[in-house]
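Asker: Below is the structure I would like to discuss, written out as structure tokens.
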Amino acid sequence: MNNLYCNSKKEGIRLSIISPIMCLNDELAAMTKKMLEDVRTEMIGRTDIELIVIDNNSTHGQEHMKQHADIYVKLPKNRGWGGGLNVGMKLASGEFLLCANNDVTITPGWANLLFERFESRKKIGTISIHSRAGFSGSFFAFRREVYE
């Protein structure tokens, strides 16, 4: 990997948010900035969530990605969304892994809602919450044990 910036894996992380991003223009960079700010706002005062940004060789918006990420990886070439997720999952510390597009729109309270859903039934392996609950775009989570 190239240009890795990260805090070491943390203890007590319940949720790792992984967002593979490729920004090729100012419009995508602005959309990405908004998503990262919304995610980070939900994380205020929380120590159980980490944000992992995988930069798929973007030409725009890298400063915002670095500013908001707990872990930032700049890939030397675009590996695509799935390839970026794979890189992020290897770095993730969480018991739950959440995959997020940079065009997702979220509202306050999403993290507690996600945890409540997982805790409501131990057999739930993956969750995708739809826009009426405050989400749009690709924003889904699954238990680490499902991934492993």
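The values are calculated or read from the model by the stated rules, or taken from the named source; none is laboratory data. Bear in mind the structure is a predicted one, so any value in this text is a computation, not a measurement. No Cβ is skipped: glycine too gets one built from the backbone with ideal geometry, and neighbour counts run over all protein chains shown. Ligands, DNA and RNA are stripped out before the accessible areas are found, and what is left, the full protein with its side chains, is counted by its heavy atoms. Shrake-Rupley method; radii C 1.70, N 1.55, O 1.52, S 1.80 Å.
Asker: Would you please name the residue that is surrounded by the fewest Cβ atoms within 10 Å (Cβ to Cβ), looking only at residues in the stretch 88-130 that are of a type in the set (A, V, I, L, M) and under 25 Å from Glu27 (Cα atoms)?
Answerer: Just the residues of the stretch 88-130 that are of a type in the set (A, V, I, L, M), to begin with: 89, 91-92, 97-98, 100, 104, 106, 111, 113-114, 124, 127, 129.
Filter once more, so that each one left must be under 25 Å from Glu27 (Cα atoms): 98, 100, 104, 106.
On the way: Leu98: 23, Ala100: 25, Val104: 20, Ile106: 22.
In this case the residue turns out to be Val104.
Each row is one residue, and each column tells you yes or no for (1) free of Cβ contacts under 8 Å to residues at least 40 places away in the same chain; (2) over 19 Å from Asp38 (Cα atoms); (3) in contact with an Asp or Glu (Cβ under 8 Å, 6 or more places away or on another chain).
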position	(1), (2), (3)
Thr59	yes, yes, no
Ala69	no, no, no
Tyr72	no, no, yes
Leu75	no, yes, yes
Ile106	no, no, yes
Ala111	no, no, yes
Ser120	yes, yes, no
Thr126	yes, yes, no
Phe140	no, no, no
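Asker: Going through Gly12, Gly84 one at a time, which residue ends up being assigned to a loop (DSSP other than H, G, I, E, B) and either touching a residue at least 40 places away in the same chain (Cβ under 8 Å) or not acidic (Asp, Glu) (or both)? Explain how you work it out, then say what you get.
Answerer: On the way: Gly84 fails: assigned to a loop (DSSP other than H, G, I, E, B).
One residue alone meets the criteria, Gly12.
Asker: So, one more: Quick check on this structure: which one of Ile44, Ile54 is of a type in the set (A, V, I, L, M, F, W, C) and open to solvent by 40 Å² or more (accessible area, probe 1.4 Å)? Don't jump to the end; show me each part of the working.
Answerer: Working: Ile54 fails: open to solvent by 40 Å² or more (accessible area, probe 1.4 Å).
That would be Ile44, the only listed residue that is of a type in the set (A, V, I, L, M, F, W, C) and open to solvent by 40 Å² or more (accessible area, probe 1.4 Å).
Asker: Name every residue in the stretch 62-81 that is touching a Leu at 6+ places or on another chain (Cβ under 7 Å), open to solvent by 10 Å² or more (accessible area, probe 1.4 Å) and either assigned to a helix (DSSP H, G or I) or more than 25 Å from Glu116 (Cα to Cα) (or both), in order of residue number.
Answerer: Hits for the stretch 62-81 are His64, His68.
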